[in-house]
């Protein structure tokens with residue numbers, strides 16, 4: 001019976017040793033995810049450098065591994081700012097950032113509290129206040145993209161002294177005003193749209209009137225040109241007739257017999273009668289033929 005007890009005791013001890021070995025081995029390593037980096041903390045002190053992702057050894061029981069996610073993260077921040085006209089404007093913003101992988105040791109040693117709440121959030125609040133202080137509430141609503149660009153530029157400058165962060169973008173997801181202020185802005189926007197439409201209609205009518213005026217001037221010019229062309233044609237014809245008569249007169253003056261020849265060609269066989277006597281009878285010819 002004693003041998004059985006001894007055998008049972010040995011088995012129990014062996015099992016305990018095996019269990020202890022497994023516990024010891026289980027406490028001697030850690031696996032860090034691909035999007036994380038780790039820091040060894042032994043008895044409250046940071047030991048070694050930054051631990052990369054994968055399998056890593058550590059001292060069992062006395063060493064803890066603190067991991068930090070180094071992939072892209074999003075911090076949602078609801079910020080209360082005052083506009084130029086002293087209106088409270090709630091801006092909901094998403095800060096897209098990541099921890100700098102090789103600065104995780106600095107992150108663990110210097111920034112013991114959550115840096116997103118002690119650094120990222122307060123700087124975002126400051127940047128939005130700085131950008132919006134010279135804008136009234138209506139301008140904040142209308143110019144959200146310009147505000148985003150200005151905040152990103154200012155945010156980058158303010159965050160430059162902190163090596164642990166890399167901020168890729170600050171996005172404005174929502175701008176919330178009071179109900180009365182929203183209604184006033186909507187009414188103002190409708191009035192602006194109506195005013196712009198009235199200006200457009202006015203310009204359109206002015207353009208149409210100018211077009212009609214140009215068309216009328218074109219038609220008047222065409223009529224004037226046609227009349228001038230007719231007048232020029234008549235004048236040219238009159239000048240041609242006058243020139244022809246002048247040439248005929250000159251020809252008759254130089255050759256008086258030509259007139260007699262014309263008379264002979266025009267004579268129809270009837271003898272005309274002249275009133276008067278002498279060398280120059282009256283130049284009126286009476287037709288003495290009897291009407292039949």
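The values are calculated or read from the model by the stated rules, or taken from the named source; none is laboratory data. This one's a predicted model, so the numbers in the text were calculated from it and none came from an experiment. Every residue, glycine as well, gets a Cβ built from its backbone with ideal geometry; the counts of neighbours run over all protein chains shown.
Laid out as a table, the results:
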| read-out | value |
| --- | --- |
| In segment 28-46, the residues that are over 21 Å from residue 98 (Cα atoms) and in contact with a helix residue (DSSP H, G or I) (Cβ under 7 Å, 6 or more places away or on another chain) | 46 |
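One line per residue, one yes/no per condition, for (1) surrounded by fewer than 16 Cβ atoms within 10 Å (Cβ to Cβ); (2) out of contact with any strand residue (DSSP E or B) (no Cβ under 6 Å at 6 or more places or on another chain); (3) at pLDDT below 90; (4) within 15 Å of residue 151 (Cα to Cα):
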position: 70; (1), (2), (3), (4): no, no, yes, no
position: 78; (1), (2), (3), (4): yes, no, no, yes
position: 84; (1), (2), (3), (4): yes, yes, yes, no
position: 104; (1), (2), (3), (4): no, no, yes, no
position: 120; (1), (2), (3), (4): no, no, no, yes
